[in-house]
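The values are calculated or read from the model by the stated rules, or taken from the named source; none is laboratory data. Worth saying up front: this structure is predicted, and the values here are computed from it rather than measured. When we count neighbours, we look across all protein chains shown, and the Cβ atoms used for this are built from the backbone with ideal geometry, even at glycine. Remember, those area values only see protein heavy atoms, side chains included, never the ligands or the DNA or RNA. Shrake-Rupley method; radii C 1.70, N 1.55, O 1.52, S 1.80 Å.
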Amino acid sequence: MAGIGLKLNRLFETNTISTNIIGYAYSTLSTLTPMLVVILDVILMEYFLRFDTLGFAQRELFSCTVLYVFIFSLLTTAPFNSVLSKYVSDVIYEDRYEDILPCFYLGLFMNVLLSSAVGIPFCWHEYFVGHVDIFYVFMGYCCYIGLVLVFYAMIYLSITKDYQKISMFFTIGMLVSFILSLALHYLAGWGISESMLFSMMTGFFVIAVLEIAVIKRYFVKNSNRYRPVLRYFRLYWPLIFANFLYFLGLYISNFVFWTTDMQLIVVDSFVCNQPYDMATCIAMFTNISGTVIFIARVEMQFHDRYKAYSESIIGGRGADIDTAQKEMFRSLSSELMSLVRIQFIITVVVSLIAFIVLPLWGITSLTMRIYPCLDVAFFIVFIMYAEIVFLYYYNDLSGAFLTSLTFCLVSFIGSIFATHLSELWYGIGFVVGAFAGWSVAYFRLRHIEKTLNAHIFCSGILLRTGIGPKPEAKVYEKGSLPVQANSNQT
(Lines give C-alpha, C1' and ligand atoms only; values in the text may rest on other atoms or scores of the structure.)
Protein backbone atom coordinates (compact mmCIF):
# COMPACT_ATOMS: atom_id res chain seq x y z
CA MET A 1 0.00 0.00 0.00
CA ALA A 2 2.86 2.37 -0.71
CA GLY A 3 1.33 3.88 -3.84
CA ILE A 4 0.41 7.36 -2.73
CA GLY A 5 2.65 7.33 0.32
CA LEU A 6 5.51 9.29 -1.26
CA LYS A 7 3.17 12.03 -2.42
CA LEU A 8 1.51 12.23 0.99
CA ASN A 9 4.86 12.34 2.77
CA ARG A 10 5.93 15.31 0.65
CA LEU A 11 2.64 17.07 1.43
CA PHE A 12 2.71 16.40 5.17
CA GLU A 13 6.42 16.78 5.88
CA THR A 14 6.17 20.55 6.55
CA ASN A 15 3.39 19.87 9.09
CA THR A 16 1.47 23.10 8.52
CA ILE A 17 -2.29 23.62 8.48
CA SER A 18 -2.37 24.29 4.74
CA THR A 19 -0.28 21.23 3.82
CA ASN A 20 -2.36 19.03 6.14
CA ILE A 21 -5.54 20.22 4.44
CA ILE A 22 -4.00 19.64 1.01
CA GLY A 23 -2.79 16.19 2.06
CA TYR A 24 -6.17 15.03 3.27
CA ALA A 25 -7.83 16.55 0.19
CA TYR A 26 -5.40 14.64 -2.04
CA SER A 27 -6.01 11.34 -0.26
CA THR A 28 -9.77 11.98 -0.41
CA LEU A 29 -9.72 12.60 -4.14
CA SER A 30 -7.47 9.57 -4.69
CA THR A 31 -9.86 7.18 -2.97
CA LEU A 32 -13.38 8.63 -3.23
CA THR A 33 -13.47 10.24 -6.68
CA PRO A 34 -14.95 7.16 -8.44
CA MET A 35 -17.89 7.00 -6.04
CA LEU A 36 -18.44 10.76 -5.99
CA VAL A 37 -18.50 11.18 -9.78
CA VAL A 38 -21.04 8.36 -10.17
CA ILE A 39 -23.31 9.98 -7.58
CA LEU A 40 -22.88 13.38 -9.21
CA ASP A 41 -23.69 11.91 -12.63
CA VAL A 42 -26.96 10.41 -11.36
CA ILE A 43 -27.95 13.66 -9.64
CA LEU A 44 -27.24 15.75 -12.74
CA MET A 45 -29.12 13.37 -15.03
CA GLU A 46 -32.12 13.38 -12.70
CA TYR A 47 -32.12 17.19 -12.63
CA PHE A 48 -31.62 17.95 -16.31
CA LEU A 49 -33.85 15.14 -17.56
CA ARG A 50 -36.57 16.08 -15.02
CA PHE A 51 -36.65 12.65 -13.40
CA ASP A 52 -39.18 13.88 -10.84
CA THR A 53 -41.84 14.19 -13.55
CA LEU A 54 -42.00 10.40 -13.93
CA GLY A 55 -44.60 8.33 -12.16
CA PHE A 56 -43.83 6.61 -8.87
CA ALA A 57 -43.57 3.15 -10.45
CA GLN A 58 -41.04 4.26 -13.10
CA ARG A 59 -38.91 6.14 -10.57
CA GLU A 60 -38.79 3.17 -8.23
CA LEU A 61 -38.00 0.75 -11.06
CA PHE A 62 -34.97 2.83 -12.09
CA SER A 63 -33.84 3.36 -8.48
CA CYS A 64 -34.09 -0.34 -7.63
CA THR A 65 -32.28 -1.30 -10.84
CA VAL A 66 -29.34 0.96 -9.98
CA LEU A 67 -29.38 -0.24 -6.35
CA TYR A 68 -29.24 -3.91 -7.38
CA VAL A 69 -26.58 -3.23 -10.03
CA PHE A 70 -24.20 -1.77 -7.45
CA ILE A 71 -24.88 -4.21 -4.60
CA PHE A 72 -24.65 -7.44 -6.58
CA SER A 73 -21.73 -6.35 -8.77
CA LEU A 74 -19.78 -5.74 -5.56
CA LEU A 75 -20.84 -9.09 -4.09
CA THR A 76 -20.00 -11.13 -7.20
CA THR A 77 -16.62 -9.41 -7.58
CA ALA A 78 -15.65 -9.74 -3.92
CA PRO A 79 -14.67 -13.47 -3.91
CA PHE A 80 -11.93 -12.85 -6.49
CA ASN A 81 -10.42 -9.56 -5.31
CA SER A 82 -8.19 -10.65 -2.45
CA VAL A 83 -6.83 -13.86 -4.00
CA LEU A 84 -6.03 -12.28 -7.35
CA SER A 85 -4.49 -9.26 -5.63
CA LYS A 86 -2.18 -11.56 -3.68
CA TYR A 87 -1.24 -13.53 -6.78
CA VAL A 88 -0.44 -10.43 -8.81
CA SER A 89 1.53 -8.91 -5.93
CA ASP A 90 3.57 -12.10 -5.61
CA VAL A 91 4.40 -12.36 -9.32
CA ILE A 92 5.36 -8.68 -9.41
CA TYR A 93 7.68 -9.25 -6.43
CA GLU A 94 9.23 -12.21 -8.28
CA ASP A 95 9.50 -10.23 -11.56
CA ARG A 96 7.24 -12.69 -13.39
CA TYR A 97 5.23 -10.06 -15.23
CA GLU A 98 4.34 -12.48 -18.01
CA ASP A 99 2.10 -14.36 -15.53
CA ILE A 100 -0.20 -11.38 -14.93
CA LEU A 101 -2.21 -11.61 -18.16
CA PRO A 102 -3.14 -15.29 -17.57
CA CYS A 103 -4.34 -14.27 -14.12
CA PHE A 104 -6.33 -11.40 -15.62
CA TYR A 105 -8.01 -13.52 -18.30
CA LEU A 106 -8.81 -16.46 -16.04
CA GLY A 107 -10.12 -14.24 -13.25
CA LEU A 108 -12.20 -12.28 -15.76
CA PHE A 109 -13.75 -15.46 -17.12
CA MET A 110 -14.63 -16.77 -13.65
CA ASN A 111 -15.97 -13.42 -12.49
CA VAL A 112 -18.21 -12.90 -15.52
CA LEU A 113 -19.38 -16.53 -15.28
CA LEU A 114 -20.40 -16.11 -11.64
CA SER A 115 -22.00 -12.73 -12.26
CA SER A 116 -23.99 -14.08 -15.20
CA ALA A 117 -25.14 -17.06 -13.16
CA VAL A 118 -26.58 -14.59 -10.64
CA GLY A 119 -27.89 -11.96 -13.08
CA ILE A 120 -29.50 -13.97 -15.88
CA PRO A 121 -32.10 -15.84 -13.74
CA PHE A 122 -33.10 -12.57 -12.10
CA CYS A 123 -33.50 -10.87 -15.50
CA TRP A 124 -35.65 -13.73 -16.77
CA HIS A 125 -37.83 -13.35 -13.67
CA GLU A 126 -38.03 -9.57 -14.19
CA TYR A 127 -39.16 -10.06 -17.79
CA PHE A 128 -41.60 -12.98 -17.46
CA VAL A 129 -43.02 -12.24 -14.00
CA GLY A 130 -42.55 -8.47 -13.71
CA HIS A 131 -43.50 -7.89 -17.36
CA VAL A 132 -40.78 -5.27 -17.78
CA ASP A 133 -39.86 -4.32 -21.34
CA ILE A 134 -37.17 -6.66 -22.68
CA PHE A 135 -34.96 -3.77 -23.81
CA TYR A 136 -35.05 -2.22 -20.34
CA VAL A 137 -34.20 -5.56 -18.76
CA PHE A 138 -31.31 -6.04 -21.19
CA MET A 139 -29.96 -2.55 -20.43
CA GLY A 140 -30.07 -3.29 -16.71
CA TYR A 141 -28.19 -6.55 -17.21
CA CYS A 142 -25.53 -4.89 -19.39
CA CYS A 143 -25.15 -2.11 -16.82
CA TYR A 144 -24.57 -4.79 -14.18
CA ILE A 145 -21.96 -6.64 -16.26
CA GLY A 146 -20.26 -3.34 -17.17
CA LEU A 147 -19.86 -2.45 -13.51
CA VAL A 148 -18.56 -5.95 -12.79
CA LEU A 149 -15.84 -5.40 -15.41
CA VAL A 150 -15.03 -2.01 -13.88
CA PHE A 151 -14.65 -3.38 -10.36
CA TYR A 152 -12.63 -6.33 -11.60
CA ALA A 153 -10.16 -4.25 -13.63
CA MET A 154 -9.72 -1.89 -10.69
CA ILE A 155 -7.93 -4.72 -8.85
CA TYR A 156 -4.98 -4.57 -11.25
CA LEU A 157 -4.81 -0.78 -11.48
CA SER A 158 -4.87 -0.55 -7.68
CA ILE A 159 -1.94 -2.95 -7.46
CA THR A 160 0.02 -0.88 -9.97
CA LYS A 161 -0.84 2.21 -7.86
CA ASP A 162 -2.67 4.03 -10.66
CA TYR A 163 -5.22 5.66 -8.38
CA GLN A 164 -5.17 8.85 -10.43
CA LYS A 165 -5.94 6.92 -13.63
CA ILE A 166 -8.87 5.19 -11.94
CA SER A 167 -10.30 8.56 -10.93
CA MET A 168 -9.69 9.98 -14.40
CA PHE A 169 -11.38 7.03 -16.11
CA PHE A 170 -14.45 7.33 -13.88
CA THR A 171 -14.63 11.05 -14.62
CA ILE A 172 -14.43 10.42 -18.38
CA GLY A 173 -16.99 7.61 -18.26
CA MET A 174 -19.52 9.55 -16.23
CA LEU A 175 -19.04 12.65 -18.41
CA VAL A 176 -19.82 10.52 -21.46
CA SER A 177 -22.82 9.11 -19.60
CA PHE A 178 -24.23 12.56 -18.78
CA ILE A 179 -23.80 13.97 -22.30
CA LEU A 180 -25.25 10.82 -23.87
CA SER A 181 -28.31 10.94 -21.61
CA LEU A 182 -29.09 14.48 -22.77
CA ALA A 183 -28.64 13.50 -26.42
CA LEU A 184 -30.82 10.40 -26.14
CA HIS A 185 -33.67 12.22 -24.41
CA TYR A 186 -33.73 15.62 -26.12
CA LEU A 187 -32.42 14.68 -29.57
CA ALA A 188 -33.41 11.03 -30.06
CA GLY A 189 -36.68 11.26 -28.10
CA TRP A 190 -35.97 8.38 -25.70
CA GLY A 191 -37.78 8.09 -22.38
CA ILE A 192 -36.18 9.55 -19.26
CA SER A 193 -35.43 6.33 -17.39
CA GLU A 194 -34.34 4.53 -20.58
CA SER A 195 -31.94 7.38 -21.44
CA MET A 196 -30.45 7.39 -17.96
CA LEU A 197 -30.00 3.61 -17.72
CA PHE A 198 -28.52 3.25 -21.23
CA SER A 199 -26.16 6.16 -20.56
CA MET A 200 -24.95 4.66 -17.28
CA MET A 201 -24.40 1.33 -19.02
CA THR A 202 -22.33 3.06 -21.72
CA GLY A 203 -20.35 5.01 -19.13
CA PHE A 204 -19.43 1.83 -17.23
CA PHE A 205 -18.27 0.10 -20.40
CA VAL A 206 -16.17 3.17 -21.33
CA ILE A 207 -14.49 2.98 -17.92
CA ALA A 208 -13.91 -0.77 -18.27
CA VAL A 209 -12.41 -0.41 -21.75
CA LEU A 210 -10.04 2.33 -20.58
CA GLU A 211 -8.95 0.26 -17.58
CA ILE A 212 -8.37 -2.88 -19.63
CA ALA A 213 -6.43 -0.88 -22.25
CA VAL A 214 -4.03 0.36 -19.57
CA ILE A 215 -3.61 -3.16 -18.19
CA LYS A 216 -2.83 -4.48 -21.67
CA ARG A 217 -0.31 -1.70 -22.17
CA TYR A 218 1.43 -2.39 -18.86
CA PHE A 219 1.59 -6.17 -19.23
CA VAL A 220 2.34 -7.27 -22.78
CA LYS A 221 3.79 -10.77 -22.46
CA ASN A 222 1.56 -13.76 -21.80
CA SER A 223 3.05 -16.96 -20.37
CA ASN A 224 -0.28 -18.88 -20.72
CA ARG A 225 0.31 -20.36 -17.25
CA TYR A 226 -3.19 -20.65 -15.82
CA ARG A 227 -2.72 -23.51 -13.37
CA PRO A 228 -0.78 -21.48 -10.77
CA VAL A 229 -3.71 -19.07 -10.56
CA LEU A 230 -6.09 -21.91 -9.76
CA ARG A 231 -3.60 -23.19 -7.19
CA TYR A 232 -3.81 -19.85 -5.37
CA PHE A 233 -7.57 -20.24 -5.03
CA ARG A 234 -6.98 -23.62 -3.39
CA LEU A 235 -4.17 -22.45 -1.10
CA TYR A 236 -5.67 -19.12 -0.05
CA TRP A 237 -9.35 -20.01 0.11
CA PRO A 238 -9.78 -18.07 3.41
CA LEU A 239 -9.18 -14.88 1.41
CA ILE A 240 -12.14 -15.72 -0.82
CA PHE A 241 -14.55 -16.03 2.07
CA ALA A 242 -13.02 -13.24 4.16
CA ASN A 243 -13.54 -10.63 1.46
CA PHE A 244 -16.95 -11.94 0.37
CA LEU A 245 -18.30 -12.18 3.92
CA TYR A 246 -17.10 -8.66 4.70
CA PHE A 247 -19.04 -7.18 1.77
CA LEU A 248 -22.02 -9.44 2.48
CA GLY A 249 -21.97 -8.24 6.07
CA LEU A 250 -22.25 -4.64 4.89
CA TYR A 251 -25.60 -5.39 3.23
CA ILE A 252 -26.97 -8.33 5.18
CA SER A 253 -28.95 -6.15 7.58
CA ASN A 254 -30.58 -4.51 4.55
CA PHE A 255 -31.49 -7.93 3.18
CA VAL A 256 -33.13 -8.82 6.49
CA PHE A 257 -35.20 -5.63 6.57
CA TRP A 258 -36.24 -6.19 2.96
CA THR A 259 -38.37 -9.05 4.29
CA THR A 260 -40.29 -6.98 6.86
CA ASP A 261 -43.64 -5.20 6.54
CA MET A 262 -41.77 -2.05 5.47
CA GLN A 263 -40.65 -3.71 2.23
CA LEU A 264 -41.45 -2.21 -1.17
CA ILE A 265 -41.91 -4.69 -4.03
CA VAL A 266 -41.39 -3.31 -7.54
CA VAL A 267 -42.64 -5.25 -10.61
CA ASP A 268 -42.80 -8.42 -8.51
CA SER A 269 -38.99 -8.69 -8.76
CA PHE A 270 -37.18 -5.94 -6.86
CA VAL A 271 -37.49 -5.70 -3.10
CA CYS A 272 -36.22 -2.81 -1.02
CA ASN A 273 -36.87 -0.90 2.21
CA GLN A 274 -36.59 2.79 1.40
CA PRO A 275 -36.25 4.27 4.92
CA TYR A 276 -33.70 1.66 6.04
CA ASP A 277 -31.74 1.76 2.77
CA MET A 278 -31.58 5.56 2.86
CA ALA A 279 -30.45 5.55 6.49
CA THR A 280 -27.75 3.02 5.58
CA CYS A 281 -26.52 5.21 2.74
CA ILE A 282 -26.35 8.32 4.94
CA ALA A 283 -24.56 6.44 7.73
CA MET A 284 -21.99 5.07 5.29
CA PHE A 285 -21.23 8.54 3.91
CA THR A 286 -20.98 9.91 7.44
CA ASN A 287 -18.12 7.52 8.20
CA ILE A 288 -16.54 7.08 4.76
CA SER A 289 -13.77 9.50 5.76
CA GLY A 290 -12.42 6.69 7.95
CA THR A 291 -11.20 4.93 4.81
CA VAL A 292 -9.42 8.08 3.63
CA ILE A 293 -7.79 8.68 7.00
CA PHE A 294 -6.69 5.07 7.29
CA ILE A 295 -5.10 5.00 3.84
CA ALA A 296 -3.29 8.27 4.49
CA ARG A 297 -2.01 7.22 7.90
CA VAL A 298 -0.98 3.71 6.89
CA GLU A 299 0.74 4.93 3.71
CA MET A 300 2.70 7.49 5.72
CA GLN A 301 3.48 5.76 9.01
CA PHE A 302 2.86 2.04 9.47
CA HIS A 303 4.19 0.85 6.13
CA ASP A 304 7.65 2.25 6.90
CA ARG A 305 7.71 0.48 10.28
CA TYR A 306 6.57 -2.76 8.68
CA LYS A 307 9.25 -2.45 6.01
CA ALA A 308 11.93 -1.77 8.64
CA TYR A 309 10.91 -4.90 10.55
CA SER A 310 10.89 -7.01 7.39
CA GLU A 311 14.40 -5.84 6.57
CA SER A 312 15.66 -6.46 10.11
CA ILE A 313 14.74 -10.16 10.08
CA ILE A 314 16.92 -10.71 7.01
CA GLY A 315 20.35 -11.01 8.58
CA GLY A 316 19.71 -8.56 11.43
CA ARG A 317 20.73 -8.96 15.06
CA GLY A 318 18.28 -10.20 17.62
CA ALA A 319 18.25 -6.84 19.42
CA ASP A 320 17.52 -5.03 16.15
CA ILE A 321 14.65 -7.41 15.38
CA ASP A 322 13.11 -6.89 18.83
CA THR A 323 13.41 -3.12 18.53
CA ALA A 324 11.89 -3.05 15.05
CA GLN A 325 9.05 -5.33 16.19
CA LYS A 326 8.20 -3.11 19.16
CA GLU A 327 8.24 0.02 17.01
CA MET A 328 6.04 -1.65 14.41
CA PHE A 329 3.33 -2.68 16.88
CA ARG A 330 3.61 0.67 18.64
CA SER A 331 2.91 2.29 15.29
CA LEU A 332 0.01 -0.09 14.64
CA SER A 333 -1.60 0.74 17.97
CA SER A 334 -1.00 4.45 17.45
CA GLU A 335 -2.58 4.43 13.98
CA LEU A 336 -5.68 2.61 15.19
CA MET A 337 -6.13 5.00 18.12
CA SER A 338 -5.59 8.02 15.89
CA LEU A 339 -8.14 6.68 13.43
CA VAL A 340 -10.68 6.22 16.23
CA ARG A 341 -10.12 9.70 17.66
CA ILE A 342 -10.21 11.57 14.35
CA GLN A 343 -13.13 9.61 12.94
CA PHE A 344 -15.12 10.03 16.15
CA ILE A 345 -14.85 13.81 15.89
CA ILE A 346 -15.79 13.76 12.20
CA THR A 347 -18.73 11.43 12.81
CA VAL A 348 -20.13 13.59 15.61
CA VAL A 349 -19.88 16.77 13.55
CA VAL A 350 -21.30 15.24 10.34
CA SER A 351 -24.12 13.55 12.27
CA LEU A 352 -25.10 16.86 13.84
CA ILE A 353 -25.16 18.52 10.42
CA ALA A 354 -27.20 15.60 9.02
CA PHE A 355 -29.84 15.93 11.75
CA ILE A 356 -30.19 19.64 11.00
CA VAL A 357 -29.95 19.71 7.19
CA LEU A 358 -31.40 16.43 5.89
CA PRO A 359 -34.98 16.97 7.14
CA LEU A 360 -34.96 20.25 5.18
CA TRP A 361 -34.17 18.25 2.04
CA GLY A 362 -37.17 15.98 2.45
CA ILE A 363 -35.60 13.06 4.33
CA THR A 364 -38.37 11.47 6.36
CA SER A 365 -38.42 11.35 10.15
CA LEU A 366 -38.50 7.54 10.02
CA THR A 367 -35.19 7.50 8.18
CA MET A 368 -33.66 9.88 10.73
CA ARG A 369 -34.84 7.66 13.60
CA ILE A 370 -33.13 4.63 12.03
CA TYR A 371 -29.96 6.58 11.19
CA PRO A 372 -28.23 6.88 14.65
CA CYS A 373 -27.72 3.14 15.22
CA LEU A 374 -26.45 2.61 11.69
CA ASP A 375 -24.14 5.60 12.13
CA VAL A 376 -22.53 3.89 15.12
CA ALA A 377 -22.37 0.59 13.24
CA PHE A 378 -20.48 1.99 10.26
CA PHE A 379 -18.11 3.82 12.61
CA ILE A 380 -17.14 0.45 14.09
CA VAL A 381 -17.15 -1.31 10.71
CA PHE A 382 -14.49 0.95 9.22
CA ILE A 383 -12.30 0.52 12.31
CA MET A 384 -12.77 -3.25 11.94
CA TYR A 385 -11.77 -3.05 8.28
CA ALA A 386 -8.52 -1.34 9.30
CA GLU A 387 -7.82 -4.29 11.59
CA ILE A 388 -8.54 -6.73 8.76
CA VAL A 389 -5.97 -4.94 6.59
CA PHE A 390 -3.41 -5.28 9.38
CA LEU A 391 -4.23 -9.00 9.59
CA TYR A 392 -3.48 -9.23 5.86
CA TYR A 393 -0.11 -7.60 6.52
CA TYR A 394 0.78 -10.46 8.88
CA ASN A 395 -0.67 -13.13 6.60
CA ASP A 396 -3.27 -14.10 9.22
CA LEU A 397 -5.81 -15.36 6.72
CA SER A 398 -7.67 -17.41 9.32
CA GLY A 399 -8.03 -14.34 11.52
CA ALA A 400 -9.39 -12.27 8.62
CA PHE A 401 -11.84 -15.07 7.75
CA LEU A 402 -13.04 -15.43 11.35
CA THR A 403 -13.46 -11.67 11.64
CA SER A 404 -15.60 -11.42 8.51
CA LEU A 405 -17.58 -14.55 9.40
CA THR A 406 -18.34 -13.25 12.89
CA PHE A 407 -19.29 -9.83 11.54
CA CYS A 408 -21.63 -11.27 8.91
CA LEU A 409 -23.23 -13.98 11.06
CA VAL A 410 -23.82 -11.83 14.15
CA SER A 411 -25.16 -8.98 12.01
CA PHE A 412 -27.61 -11.39 10.37
CA ILE A 413 -28.89 -12.85 13.63
CA GLY A 414 -28.92 -9.48 15.37
CA SER A 415 -30.84 -7.86 12.51
CA ILE A 416 -33.51 -10.56 12.67
CA PHE A 417 -33.91 -9.82 16.37
CA ALA A 418 -33.93 -6.04 15.69
CA THR A 419 -36.93 -6.31 13.35
CA HIS A 420 -39.09 -6.81 16.45
CA LEU A 421 -37.83 -3.61 18.13
CA SER A 422 -38.82 0.02 17.61
CA GLU A 423 -37.45 2.03 14.69
CA LEU A 424 -34.80 3.67 16.87
CA TRP A 425 -33.16 0.25 17.43
CA TYR A 426 -33.46 -1.21 13.94
CA GLY A 427 -29.70 -0.96 13.42
CA ILE A 428 -28.68 -2.50 16.76
CA GLY A 429 -28.07 -5.90 15.17
CA PHE A 430 -25.62 -4.32 12.75
CA VAL A 431 -23.91 -2.54 15.68
CA VAL A 432 -23.50 -5.79 17.60
CA GLY A 433 -22.20 -7.60 14.52
CA ALA A 434 -19.65 -4.87 13.82
CA PHE A 435 -18.47 -4.87 17.43
CA ALA A 436 -18.20 -8.67 17.45
CA GLY A 437 -16.08 -8.61 14.28
CA TRP A 438 -13.94 -5.81 15.69
CA SER A 439 -13.36 -7.83 18.88
CA VAL A 440 -12.24 -10.92 16.97
CA ALA A 441 -9.81 -8.88 14.88
CA TYR A 442 -8.47 -7.11 17.98
CA PHE A 443 -7.69 -10.33 19.84
CA ARG A 444 -6.13 -11.84 16.69
CA LEU A 445 -3.78 -8.86 16.45
CA ARG A 446 -2.87 -9.23 20.12
CA HIS A 447 -2.17 -12.90 19.53
CA ILE A 448 0.04 -12.05 16.56
CA GLU A 449 1.97 -9.54 18.66
CA LYS A 450 2.71 -12.20 21.28
CA THR A 451 3.59 -15.01 18.85
CA LEU A 452 5.11 -13.12 15.92
CA ASN A 453 8.58 -14.62 16.37
CA ALA A 454 7.17 -18.15 16.26
CA HIS A 455 5.13 -17.23 13.19
CA ILE A 456 8.12 -15.75 11.37
CA PHE A 457 10.93 -18.13 12.36
CA CYS A 458 9.16 -21.43 13.07
CA SER A 459 6.70 -21.75 10.20
CA GLY A 460 9.00 -23.79 7.97
CA ILE A 461 9.43 -27.58 7.79
CA LEU A 462 12.54 -29.73 8.10
CA LEU A 463 11.27 -32.83 6.32
CA ARG A 464 9.37 -32.99 3.06
CA THR A 465 5.80 -34.16 3.61
CA GLY A 466 4.51 -37.16 1.75
CA ILE A 467 2.42 -40.34 1.86
CA GLY A 468 4.00 -43.51 3.21
CA PRO A 469 4.97 -45.41 6.39
CA LYS A 470 5.47 -43.26 9.45
CA PRO A 471 9.19 -43.03 10.30
CA GLU A 472 10.61 -43.90 13.71
CA ALA A 473 9.97 -41.30 16.35
CA LYS A 474 13.51 -41.69 17.76
CA VAL A 475 15.99 -39.98 15.47
CA TYR A 476 19.07 -39.91 17.69
CA GLU A 477 20.51 -41.83 20.61
CA LYS A 478 23.55 -40.70 22.55
CA GLY A 479 26.55 -42.89 21.90
CA SER A 480 25.02 -44.62 18.92
CA LEU A 481 27.33 -43.04 16.36
CA PRO A 482 30.47 -45.06 15.52
CA VAL A 483 33.78 -43.58 16.63
CA GLN A 484 36.00 -42.79 13.69
CA ALA A 485 39.69 -43.68 14.00
CA ASN A 486 42.14 -40.88 13.99
CA SER A 487 43.95 -40.84 10.69
CA ASN A 488 47.18 -39.80 12.45
CA GLN A 489 47.21 -42.95 14.58
CA THR A 490 49.29 -45.86 13.39
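Of note:
- Nearest-0.05 FRET efficiency for residue 413 and residue 355, computed from C-beta distance (R0 35 Å): 0.75
- Whole-number D in µm² s⁻¹ for region 42-104, Kirkwood Cα-pair radius fed into Stokes-Einstein, 25 °C, 0.890 mPa s: 162
- Rg(Cα) / (2.2 N^0.38 Å) computed for region 194-307, rounded to two decimals: 1.55
- Mean Cβ count within 10 Å, highest first, over the residues of peptides 446-453, 40-47: 40-47, 446-453
- The charge dipole of the chain, taken about its Cα centre with unit charges on the Cβ of Lys, Arg, Asp and Glu (plus for the first two, minus for the last two), comes to roughly 1420 debye.
- The chain: relative contact order in percent, alpha carbon pairs under 8 Å with at least 6 residues between: 17
- Across the chain the C-alpha pair distances fall into 10 Å bins from zero in the proportions 4, 16, 26, 27, 15, 6, 3, 2, 1, 1, 0, 0 percent.
- Where only DSSP H runs of four or more residues are counted, the chain gives -26000 deg cm²/dmol as its mean residue ellipticity at 222 nm, each run worth -39500 (n - 2.57).
- Between region 182-232 and region 235-286, the alpha-carbon center distance in angstrom: 25
- Apportionment of accessible area to carbon and sulfur, the chain, percent (1.4 Å): 67
- Length released on extending from residue 39 to residue 116, taking residue separation times 0.36 nm less the Cα-Cα span: 25.2 nm
- Close Lys pairs in the chain (alpha-carbon distance under 28 Å; sequence gap of 8 or more, or different chains): 23.
- Computed E for residue 313/residue 175 - FRET, C-beta separation, R0 51 angstrom, nearest 0.05: 0.55
- Accessible area in square angstrom per residue, the chain, 1.4 angstrom probe: 52
- Once you reduce region 413-432 and region 62-121 to the center of their Cα atoms, the two points are 32 Å from each other.
- Summarising the amide proton neighbourhood of residue 264: residues at separation of 5 or more, or on other chains, whose placed amide H is nearer than 5 Å comprise 272, 273, 274.
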